[in-house]
Amino acid sequence: MKAIVIGGTGATGKELVAQLLEDSRFNAVTVLMRRPYFNAHPKLKEILVDFEKLTDFQDEIRGDVAFLPLEPL
């Protein structure tokens, strides 16, 4: 199963990505982000995006489940 995470460098996103990478149900985790953050991992694919132009990355936003972790205000 493939997970897509849109924005994963906040406190919630970092923990979510860490858990997805350890979860045996997922064989791929793609994170769309503004800047590189995570250490290399065999299941991880970081994609640096301009969130004003997300349609440019539509081919990368394909998976079985998607997450948009939001930080509390």
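A simple count of charges around F38, restricted to other residues whose Cβ falls under 14 Å of its Cβ and scoring Lys, Arg +1 and Asp, Glu -1, yields +2.
Scanning residues 5 or more positions from F67 or on other chains, those with amide H under 5 Å from its amide H are I4, V5, I6, with H placed 1.01 Å from N in the peptide plane. Counting beta carbons within 10 Å around each of T55, T9 and listing the fewest first gives the order T55, T9. Here is how the number arises for the chain: DSSP H runs of 4 or more residues each give -39500 (n - 2.57), the sum is divided by the residue count, and the result at 222 nm is -5000 deg cm²/dmol. Compared with the alpha-carbon gap, the fully stretched path from K45 to M1 is longer by 14.4 nm at 0.36 nm per residue.
The computed mean projected area of the Cα convex hull in nm² for the structure shown corresponds, within (i) 4.9; (ii) 5.8; (iii) 7.8, to (i).
Sequentially through the range 34-39, phi angles give Karplus couplings (6.51, -1.76, 1.60; θ = phi - 60°) of 7, 9, x, 9, 7, 6 Hz, Gly and Pro residues having no value and appearing as x. The distance between label points at D59 and A18 comes to 3.4 nm (points 7 Å beyond Cα on the Cα→Cβ vector). Taking E46, E22, E60 as the candidate residues, the one with maximal mean-square fluctuation in a Gaussian network model of the chain, Cα springs under 10 Å, is E22.
Readers should treat all values here as calculations from the given coordinates under stated rules, not as data from a laboratory. None of these values were measured; they are calculated from a predicted model. We place every Cβ from the backbone using ideal geometry, glycine too, and count neighbours over all the protein chains shown.
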